[in-house]
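A.B. asks: One structure, pasted below without further comment.
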Amino acid sequence: PTTCAGMRRASTTLIIGDAGGGVRGWFAAPFPEDATPRQRRTTTDGLHMVRAHDLPDQSGAITSIASSARDRQFVTGDASGEVLLRHMTSQVTQATPQPFGEQPVSLAVLSPKTDALAAFSQDGQLAVYEVDNPHADGSLRALFLPVHYEGRPGAQHVWQSSSGSDAGMVKADWLVVQ
C-alpha cells in the first residue's frame, strides 16, 4: 500500500512511496500510437497516467518524500532510518546516509538551492548534509539508453531540450545492431 506521495516541484511527476520501500514516478502522457480507440476514449484530454520510473527499493516503508526546487532531484526517507538522495530522470541514487541508525525518518527535505539535505528522526534528532553534485542528471544510462521524459508516451532515444520547448534532440546512434 501507498505510504507517502509528493509532487516533483515545477513538474507533473507524482512520486509515490509504498510500505515495501518502493518508489515510483508517475505522470500524465499521451497514449502510445498503438493504443486502441477504446483506450483513447477513457479520457477527455487524450492523456493517461504512466508509471515511468521504478527506482531501487529502500529497506523500509517510505515515510517522507521531498523534491528539489531547481532540478529533478528528490529525497526519500523510510521507516528503517535510510535517507536516499535520488534523481528522477536518470533513476540514480546519489547518496544514502543513515543518520539515525534504525530510527525511522519522519521528515527529509532539500534546501531551496539543493545544496543541503536535512532529515529529522521520529524522536526529534536532526541531521544536515552538504550536497554538492552539479551534474546530478549524469549517468551512462541517461546518456546512452532511452529515457522516459515527462509528457512523452514512452522511453525514447532523445535528450530533452533545456531551451524551454518540448523539442528533443536525437541521441547519437551507438546502438549495437545484430
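The values are calculated or read from the model by the stated rules, or taken from the named source; none is laboratory data. Fair warning: this is a prediction, and the values are worked out from it, not measured in the lab. Note: areas computed on protein heavy atoms with side chains; ligands, DNA, RNA excluded. Shrake-Rupley method; radii C 1.70, N 1.55, O 1.52, S 1.80 Å.
A.B. asks: When 1/r is averaged over all different Cα pairs and the result inverted, which Kirkwood radius in Å belongs to region 17-56?
C.D. replies: 11.6
A.B. asks: When the C-alpha atoms of region 1-73 are aligned to their principal axes, what extent does each axis show, in angstrom, from largest down?
C.D. replies: Computed over region 1-73, the largest-to-smallest principal extents equal 41, 28, 17 Å.
A.B. asks: Still on this model: Counting only protein heavy atoms, what percent of the accessible surface of region 1-151 is carbon or sulfur at a 1.4 Å probe?
C.D. replies: Looking at region 1-151 in its full context, I get 53 percent from C and S.
A.B. asks: For the chain, what does the accessible surface come to per residue with a 1.4 Å probe? Please give it in Å².
C.D. replies: 56
A.B. asks: At q = 0.11, 0.16, 0.17 Å⁻¹, what log₁₀ I(q)/I(0) does a Debye calculation on the Cα points of the chain give, no solvent, two decimals?
C.D. replies: -0.52, -0.98, -1.07
A.B. asks: Just read off the accessible area of R141 with the full protein assembly in place, 1.4 Å probe, to the nearest 10 Å².
C.D. replies: 110
A.B. asks: In addition: Can you tell which of T96, T63, T36 shows the greatest fluctuation in a Gaussian network model of the chain with Cα springs below 10 Å?
C.D. replies: Of the options given, T36 has the highest mean-square fluctuation.
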